[in-house]
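Quick notes on the structure that follows.
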Amino acid sequence: MRNIDMKRLLPAALALTLLASCEKSEYKIPDPISEISNDCIKRTLGPNIATLPIEFVYAMAIPNTKGKLAFAEVEASIPGAAGTFLEHRSFYTNSSGVDVPVTVGSPSVTSGAKTKVTFSVDTNAVSLRYYYIVPDEARGKQVTFTFSVTGSDGKTATMKMGPYDVSKMEIKRLINVSNSNLMYLSIADMTAYNAASAASNAAKIDLVYLYRTTPAVFTHGLVAPAADPAAYLPGVTLPAGVNNNTKVVKVFNLQDRNLAQLQYGIYVDDIDLQKVDFSTAPNFAIGLRAENGVWVETADKKYRAYVFINSVTTTGTAVVSMLRYDQTTK
Amino acid sequence: MKKTAYRMALLVFLPAAAMLSACQKGLPVDEDGLLITTRKECFVSNFELLGNDFVSVRNGVPIIDTVAQTINVTVNFGTDLKNLYPQFTLATDCKLDPKITGKVDFSDLANPKTWTVVSGDRQIRKAYKVFVKVQ
């Protein structure tokens, strides 16, 4: 009997085991889709904020042998605000990178929570965009969507999306403020007032916008009415009753995408406003420039806000936007 | 045959021995796990103050007196003195005591903050006072 050389056999056995474990399973051609089918993606990133849209793309197809697409429908768990619609056009991108629409149906009809498009052309496959304008009643709640498509054969495909959290915070964009006129900013009303209007809304005035060239570091400021008047409100005569001691924390490089409407992929959400530490915050922020921002807490602690400086001029005007969070509502 | 085996052993064991010796412990470290060296230098070479927005609030360069062990820094008008981040640049191997772990309140201008610089050999300690003046 011949002796087996174990030293040689061992590597061979090992190699065999390795090869066996790498064996590929044979590829199988997947079954063709034989019924009406659909798919959906959510295109909007960042927090879902009341008054802003949430955008989806809903794709649907039916085999030619089964007929054509009849109608597509979206049902939201909370009816969308005015402006909610399902596109009746399908888009393709041309060689110049431009989205070109192709009309495939009649404009959508919204009835309550349902938005429907009826196809008017003979089509088997299409992708439609859906814009849901978040209604104010959805703030702090969750919203879900049911997308469905029905073919001419009467069969339906359905896809559920969500639930998605809707932020509690509110947004107000592009508020004009100016050094000599609209200089009283109200977080409660999310607007800027002139002196006369500020006097009648004195309790709601949280910040004073001012622009000073001396000292040179002052420039644009957002200052609480209760701040040291000689240092931070030079030349300002506050309307009667305007005296809130608002807390302000200056921020740099926080260009929230919804406020800035710029290329930055930064989003401020409820949790950010909840977590800002105002315990040692001052009541003024000066030396502000475009794309700066301030965290604000009102004197009564009812509201917290992030005020973003969209643009400034050297003539003492600025455009600001804000996200406001109400701390008193659950 | 024997020669080859000997060579093989050398090839395997020599690098292993070299690696083991490189891992040898014995150099002293302090309570923070930092290497205690032989350096005696003990001074602050630069100082910076950042605001809550992490932007410098200094107005001009800081005046560092390594003999008097003082740092005089002027900050911009309107600086929020309660929320500042100081940054020290120290001589090689030095460390700072107490450590800076976050925002520091400089609003009490009459009582300057003090930090102690500890030399690389941990034998020399020099206390620096930071005087802040608002523009």
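Bear in mind that the values in this text are calculations on the coordinates, not laboratory data. What you see is a predicted model; the values in this text were computed from it and never measured. Glycine also receives a Cβ, built like all others from the backbone with ideal geometry; neighbour counts cover every protein chain displayed.
Structural remarks
- Model label sites at A:LYS24 and A:LYS301, defined 7 Å from Cα along the beta-carbon direction, differ in position by 6.6 nm.
- From least to most packed, judged by other beta carbons within 10 angstrom and beginning with the fewest, B:TRP115, A:TRP295 follow the order B:TRP115, A:TRP295.
- Modelled spin labels at A:ASN194 and A:VAL102, positioned 7 Å past Cα toward Cβ, are 5.5 nm from each other.
- A crude spin-label estimate for the pair A:LYS160 and A:ASN253, with each label 7 Å from Cα along the Cβ direction, gives 4.3 nm.
- Figure legend: label point modelled 7 angstrom from the Cα of B:ASP121 along Cα→Cβ; residues of the stretch B:30-44 with amide N under 12 Å from it are B:37-42.
- Note on A:LYS302: lysines with a C-alpha under 23 Å away, same-chain residues under 8 apart excluded, are A:LYS141, A:LYS168, A:LYS172, A:LYS204, A:LYS247, A:LYS250, A:LYS275, A:LYS330.
- Ordering A:PHE71, A:PHE145 from the fewest to the most neighbouring beta carbons within 10 Å gives A:PHE71, A:PHE145.
- Result for chain A in a Gaussian network model with C-alpha springs under 10 Å: among A:LYS28, A:LYS302, A:LYS116, the largest mean-square fluctuation is at A:LYS28.
- Converting phi to 3J(HN,Hα) with the Karplus coefficients 6.51, -1.76 and 1.60 and the offset θ = phi - 60°, the stretch A:302-318 yields 6, 10, 10, 8, 10, 9, 10, 8, 6, 7, 9, 10, 8, 9, x, 10, 7 Hz in sequence order, with x at every glycine or proline.
- Karplus (6.51, -1.76, 1.60) ³J(HN,Hα), θ = phi - 60°, over the stretch A:251-259, in Hz, Gly and Pro reported as x: 10, 10, 6, 10, 8, 3, 5, 5, 8
- Residue by residue, the stretch A:228-241 carries 3J(HN,Hα) couplings of 3, x, 5, 7, 10, 10, x, x, 9, 9, 6, x, 4, x Hz when phi is fed to the Karplus relation 6.51 cos²θ - 1.76 cosθ + 1.60 (θ = phi - 60°); x denotes Gly or Pro.
- For B:LEU90, distant residues with modelled amide H under 5 Å away: B:SER45
- Placing R0 at 22 angstrom, the Cβ-Cβ distance between A:SER180 and A:LEU262 gives a FRET efficiency of 0.20 after rounding to 0.05.
- Under 18 Å from the Cα of A:LYS68 - lysines, other chains or at least 8 residues apart: A:LYS116, A:LYS155
- In a fully extended conformation the segment linking A:THR237 and A:THR313 would gain 25.1 nm over its present Cα-Cα distance, using 0.36 nm per residue.
- The H on the amide N of B:ASN83, modeled in the peptide plane, is under 5 Å from the matching H of B:PHE106, each at least 5 residues off or on a different chain.
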